[in-house]
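J.: For reference, the structure I am asking about is given below.
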Amino acid sequence: MSKTPKPPFSVTTPIYYVNDVPHIGHAYTTIIADALARFNRLQGKDVFFLTGTDEHGQKIEKAASEKGLQPRELADQVVGRIKDLWRELNISHDFFIRTTESFHERGVQKIFLKLKEKGDIYKGAYQGWYCVSDENFLAEEVPLEPEGDKICPDCGKRAILVSEECYFFRMSRYQKPLLDFYAQNPDFVRPASRMNEVVSFVRQGLKDLSITRTTVKWGIAVPDDPKHTIYVWFDALHNYLTGAGYDWDLATFEKFWPATVHLIGKDILRFHAIFWPAFLMAAGFPLPRTVFGHGWWLRDEAKMSKSRGNVLDPHIILKTFGPDPLRYFLLREIPVGLDGNFSHEGFLHRVNSDLANDLGNLVHRTLTMIQGYLGGLIEEGGAEQENDRKIREEFEELKKKVAEHFENYAVSRALEEIWVYINAANKYLAENEPWKIAQDISQRKRLSRILYQTAAAIRGVGYLLSPVMPGSSLKIWQSLGEKEPPEKMPYAEFEFEGLKAGSKIQRAKPLFPRVLLEDFLKEEERPALEKKETKMEVISFDEFKRMDLRVGEILKAEKVPGTDKLLKIEVDVGTEKRTMVAGVADTYSPEELIGKKLVVIVNLKPAVIRGIESQAMLLAAEIDGKAIIPFFDRDVPAGAKVK
Ligand SMILES: [Zn+2]
C-alpha cells in the first residue's frame, strides 16, 4: 500500500454572533462541517475543524445592556449554550475560537498594522447616514427618501449625514487580482451559480472599505490609535487565521492554513468570497481552496426569523429523538447548496420511513434471526451464490460512490445511495426467505450465508453512515459484536468480509424511536392536533373471543380502479380464499404485498366497497393517515388462529 501522506483537510463554520441563542441554522452549518470532518478523518487525513463565536460589535453591546449585562458576560452565557448544543449534536470540532480571546485580538492588530505599513490601510473620512438613536451608520443600500435623506430601517427615525474619521482598506486595488484569481480557481466559490454572482459584483468595480468605527466601543482597538475600533467584519473574518494558530501555534497554522473549505450561509457570501480573499492577498497569506455557500432552512415554507417567532429550537427535537435523526434529516433532505423546508411532517416522515422502517427494521430483523436461528453467533456459511455475490459487490460500488459524493460535498447524494443499498439488502432478505430455510436443518449452511451477507451489509452501512450518524453507527457496530468503533477503521481498509465469523451479536434493541406527529407537536408546545381517540369501553374476554382472527396469506393484490387508496386483495385464510378491499395503497404497492402474511378478521359482516364484496378485514395501525400492517416476523401457516 502506498504511504504518500494525504493532504490535510481543514473545514470551518462561520463564527456565530452571540446576540442570539443558537437555532437550527447554526446547527445546520455545523452539522455539515462535522460530517465532512468525520468523513475526512476516516480517509486517514489530518483534519482541523474550526468553529466559534463572533463577540464584538455594537449589536452585542446593545443586547447586553438591554439585559443589564456586560458584553463579555452576555457572550459567556451564549457561548455556554452553543457549546452545550454542539455536545448534544455530537459535533467533533477541534477548536472553538472566541474573538474576545487575546491571541485573536493580538493577531488582528498585527495584521492591521502590516496592511497599514504596506499602504493597503489608510486613514480617511467616512461619510454616511447615521442613526443617532441606534448610534449606528445605515447600510449604504438604504435608499434615499424623496426629501433627500434616509430613514433608519431599524427604528424608523430620520438619519443624519455625518462624516467621521476612519480607516479604509484599499479594496479598489484588488479588483483585478480577484478577477484573475476567480478565473484560475473556478472552484473557489461553490455552488457554481454563486461564483457567477461574485464575479459580476466584482466586475462592477470595488470601492475602498471603511473598516473602523469611532462610535463603537466594544471591539478591538486600532493599534496606536485606540479611539478607533476595528469594524466587526474585519475582526471576525480573521478568526480563520487566528483560530488555526496564526501567531500563536505555528505548527498547527503551517499544517492547516489555507483552509480546505469555509462553509457559510449564502447571505455572507460577499464577505467571504470578495473581502476575505482581498484581505488575505494584501497580507500575503495563501487563499482558502473553497468557499461553500449553503442554502437556508425555511419553516413551513417561510424564512425562519426571530421576529416571525418561527425559529426552530433544536433542543425540542434533540429531547425526543437524540442527535442522529436531526443530523440525518438536515443532510439528507436537500443538497448542501439549496434551500430546504423544515416541516414536522417532513421530518417525521424521514425518521419513520428511512430510519425506523428501512434501516431500523433491517437491523432488527437480522439480529433477531441470528439470535433465534444461529444462537447469536455470526457464521461464515456456505459458498456464495449469485445473489450473495451481488449484494457484496454492490457494497464495494457503494463505498466508492459514497467517497466521491463526500469529496464533492454532495452529502445528500451519498445518503441517497446508501438508502438504495439498504433497500437492496431488505429485498435480498425477502427473496432469500431465511425464515423458511430455517425450518430445514439440512440447509443450515445456506441459512448462515444469507444471514452473514445481511449482517455484513448492515456493518458496511453502519460504517458509511458514521460521518452522518455517529451514535447510531456505533450502536450498529456494537450490536454486531465489533469491539472498536467505526471511526477507528480507515476507509481504504474497510471490507465487506471484515465481519468475523464467531462474533457474538448483542440482543436487538430498536435503533430509532417511532414518534407520532401529535406527540411531537405536544412537545413543541404548539397547539396540539385534536386527538381523535376516544376512550374505549372495557369489554369482556368472551366478547373479544367473538372475533375470528386468522393468519391470512396474500395471494393477489391489485388497485381498485378509480381510487388512490384502495387495494383489492385476495387472501388465503386456510380453509378458503377471501376477497377484501383495504385502504393501504398509500403505503404498499400491490407487488410488495404478495406472499405476505397478516392478521385478518374473517367473521365480520361483509361490506360492499366500490362494487366489490369485502369478505374479510385486515388489521393495521394508522400512522399519519397511512396504514401500517403488522406482518409476522417468522413463518406461520395460513389459517392459524390468532388470539
Ligand atoms: Zn435607528
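J.: Rounded to the nearest 10 Å², what accessible area does residue 209 have for a 1.4 Å probe in the complete protein model?
T.: 40
J.: Whose amide H sits under 5 Å from the amide H of residue 623, counting only residues 5 or more places off or on another chain, with H placed in the peptide plane?
T.: 628
J.: Something else now. With a cut-off of 8 Å between alpha carbons and a minimum separation of six or more residues, what is the relative contact order of the stretch 428-530 in percent?
T.: Dividing the mean separation by the residue count of the stretch 428-530 yields 19 percent.
J.: In percent, how large is the relative contact order of the chain, given Cα pairs closer than 8 Å and 6 or more residues apart?
T.: Reported relative contact order: 11 percent.
J.: Another question, then. Could you tell me which residue out of 69, 257, 461 lies farthest along the dipole of the chain toward its positive end? Charges go on the beta carbon: Lys and Arg +1, Asp and Glu -1, centred on the Cα centre.
T.: 461
J.: Once you've got the Cα coordinates, tell me which of 445/509; 401/488; 266/488; 83/116 are over 30 Å apart.
T.: 266/488; 83/116
J.: Residue-wise, which Karplus ³J(HN,Hα) couplings in Hz belong to the stretch 318-331, taking 6.51 cos²θ - 1.76 cosθ + 1.60, θ = phi - 60°, and x for glycine or proline?
T.: 4, 5, 7, 10, x, x, 5, x, 5, 4, 4, 4, 5, 7
J.: Under a Cβ-Cβ cut-off of 15 Å, what is the net charge of the residues other than residue 580 that fall near it, where Lys and Arg count +1 and Asp and Glu count -1?
T.: My count for the surroundings of residue 580 gives +4.
J.: Write down the percent of antiparallel bridges among all DSSP beta bridges whose residues are both part of the chain, to the nearest 5.
T.: Once the DSSP bridges in the chain are tallied, antiparallel ones form about 70 percent.
J.: For residue 23, what accessible area in Å² do you get when you roll a 1.4 Å probe over the heavy atoms of the protein chains, rounding to the nearest 10?
T.: 50
J.: Can you sort 472, 193 by solvent-accessible area, 1.4 Å probe, largest first?
T.: So the residues, ranked largest to smallest area, are 193, 472.
J.: While we're looking at this one, here's another question. What trypsin sites (Lys or Arg not before Pro) does the stretch 167-210 have in DSSP loop regions with at most 15 other beta carbons within 10 Å?
T.: 207
J.: Put 313, 149, 187 in order of accessible area, largest first, 1.4 Å probe: what do you get?
T.: Result of the area sort, largest leading: 187, 313, 149.
J.: Starting from the amide H of residue 218, placed 1.01 Å from N in the peptide plane, find each other amide H under 5 Å away whose residue is 5 or more places distant or on another chain.
T.: HN-HN under 5 Å from residue 218: 57.
J.: Same structure, new question: Output the 0 to 90 degree angle, nearest 10, between the alpha-carbon long axis of helix 102-118 and the longest principal axis computed from the alpha carbons of the chain.
T.: It is inclined by approximately 50 degrees.
J.: Under a straight-distance cross-link criterion of Cα-Cα below 20 Å, which aspartates and glutamates are reachable from residue 577, leaving out those fewer than 8 residues away in the same chain?
T.: In chain and number order, the partners are 548, 553, 558, 591, 592, 613, 635.
J.: Taking the Kirkwood radius as the inverse of the mean 1/r across Cα pairs, report the Rg/Rh of the stretch 96-157.
T.: Rounded to two decimals, Rg/Rh equals 1.16.
J.: Moving to a separate point now. Treating the beta-carbon of each Lys and Arg as +1 and of each Asp and Glu as -1, no other charges, what is the dipole magnitude of the chain about its Cα centre, to the nearest 20 debye?
T.: 940
The values are calculated or read from the model by the stated rules, or taken from the named source; none is laboratory data. As the structure is a computational prediction, the values presented were derived from the model and not from experiment. Here Cβ is always computed from backbone atoms with ideal geometry, including for glycine, and neighbour counts include all displayed protein chains. Ligands, DNA and RNA are excluded from the accessible area calculation, which covers all protein heavy atoms including side chains. Shrake-Rupley method; radii C 1.70, N 1.55, O 1.52, S 1.80 Å.
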